[in-house]
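Only one structure is covered here, and it is reproduced in the block below.
What follows is calculated from the coordinates using simple rules that are stated; it is not laboratory data. Given the structure is predicted, the values throughout are model-derived calculations rather than measurements. Methodologically, a virtual Cβ is constructed for each residue, glycine included, from the backbone with ideal geometry; neighbour enumeration extends over all protein chains shown.
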Amino acid sequence: MHKLTLRQLTVLILALWSDLGRKQIGSRAGMTQIRVSQILTRQRKKEIDDEVYDLLLAAVASRRGAVSLTRAFLESLDALETEGGLTEEEQAGIEEEILHGSGLLRRLLTAFALQSRAVGPVDEYPRDLDLAVCRDQAEERLARLRPVDRRSRLAVVRLGRSYQQWAFVERCCEESVRESWRSLRSADDWARLASVAARFLAGPEGWLESLRGYALAHQANILCVQGKLEEAEARLDEARALCRAGSDPDGVLDPGVLLEVEGSLRRGQRRFEESFSLFDRAVRVSRFPGRVLIERAFTHEVLGDYEQAASTLAEAETRIGRDPQLLNLRRLRLAGVLSQLSRHAEAAELIEEVRRSHAP
């Protein structure tokens, strides 16, 4: 006796759930009861073809999501039989965790979908009056995604219109830069999420090209930090081409980003004069001049010019503002530079300031 196929089982389970007999299925699908029985019998040796399968699913599934749920259930059962090397207790524990995680994800996606209904698509170039509001909303949305894993973030962005906004792309890019000082894997995740979100945006094509180029520049930045300089150069070329073809007449996006990323890349290529020139240009236009100065100071540090690195980091303090993460990054970089200059007491005091800033 043949085992029922995945498609047969899917139709039968949905029919049982909806309390439908084969005569009712046939009536709904435009088939005879005998024909339905022949299709769903164990003696059938081949899988149901696409056209017939679609007709049967339309007959037994009152909601489209029911098909996906049933398929997922059956595929999980099949995986349970084929996965080897685990004890029954281990398998049971894994499946319980998956069930718990899928329940959390379902609630998360449901909430995001409902929340997105009230948000209309932004299909125009942003106006000055909208900038602060859009950025505040993007900050809230990113905060909700921080504790969520990478795959779930992608699902939320694909599903939720409220995440398909220019300010969310911009905020993911900023988060990528911040995470690059702590975790390259996390930084890469945020940069990729920015690019995914940018693909769903509506609006003037020139503006969309600028956003996509902006997101790609942040992927280039991660590649540069990882030491993948050829890949970083190629990605930066793509970003530049998009930004040149694009349009951002009011400078909504940080105009210093491409210069800053290229400056870091040239440093990695040991083209130091070009790196300094690019950082100098970036400082004049960047929305984060203190961050650019920290990068410039690191270039001096690579060259072994610790006095100039310390001087540049001192200048950076006046350009950072109240950003606690940048302030601590500057302190740590300066502590390292001062240690190289044998100014150990000053370095220790800076490290203590960082420690105090993290104290509860």
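Please check: in the Gaussian network model of the chain (C-alpha springs, under 10 Å), which one of Phe298, Phe200, Phe73 has the largest mean-square fluctuation. Greatest mean-square fluctuation among the candidates belongs to Phe73. Computing FRET efficiency as 1/(1 + (r/R0)^6) for Gln137 and Arg63, where r is the C-beta to C-beta distance and R0 is 45 Å, gives about 0.90. Here Glu307 and Leu159 are evaluated by their C-beta separation; at R0 = 35 Å the FRET efficiency comes out at 0.05.
Taking the mean number of other Cβ atoms within 10 Å as a proxy for protection, how do you rank 216-229, 334-347 from highest to lowest? Please report the intermediate quantities before stating the final value.
Details: 216-229: 21.9, 334-347: 16.4.
Ranked from most to least packed, the peptides come out as 216-229, 334-347.
Pairs of Cα atoms under 8 Å, at least six residues apart: use those to get the relative contact order of the chain, whole percent. Display every interim value, and only then the final one.
Numbers: 416 pairs, mean separation 29.5, N = 360.
In percent, rounded to a whole number, it is 8.
Relative contact order of region 133-273: 20 percent, from C-alpha pairs under 8 Å at least 6 residues apart in sequence.
Taking the Cα centre of the chain as the origin, how large is its charge dipole in debye, to the nearest 20, when only Lys and Arg (+1) and Asp and Glu (-1) carry charge on their Cβ atoms?
Values: 54 positive and 56 negative charges, 268 e Å.
For the chain, the charge dipole is close to 1280 debye.
Counting Lys and Arg as +1 and Asp and Glu as -1 over every other residue whose Cβ lies under 11 Å from the Cβ of Thr32, the net charge comes to +3.
Here the Karplus curve 6.51 cos²θ - 1.76 cosθ + 1.60, taken at θ = phi - 60°, turns the phi angles of region 310-324 into couplings of 5, 5, 5, 5, 5, 5, 4, 4, 7, 10, 8, x, 10, 5, x Hz, with x standing for Gly and Pro. Dividing the helix sum by the residues of the chain, where each DSSP H run of 4 or more adds -39500 (n - 2.57), gives a mean residue ellipticity at 222 nm of -24500 deg cm²/dmol.
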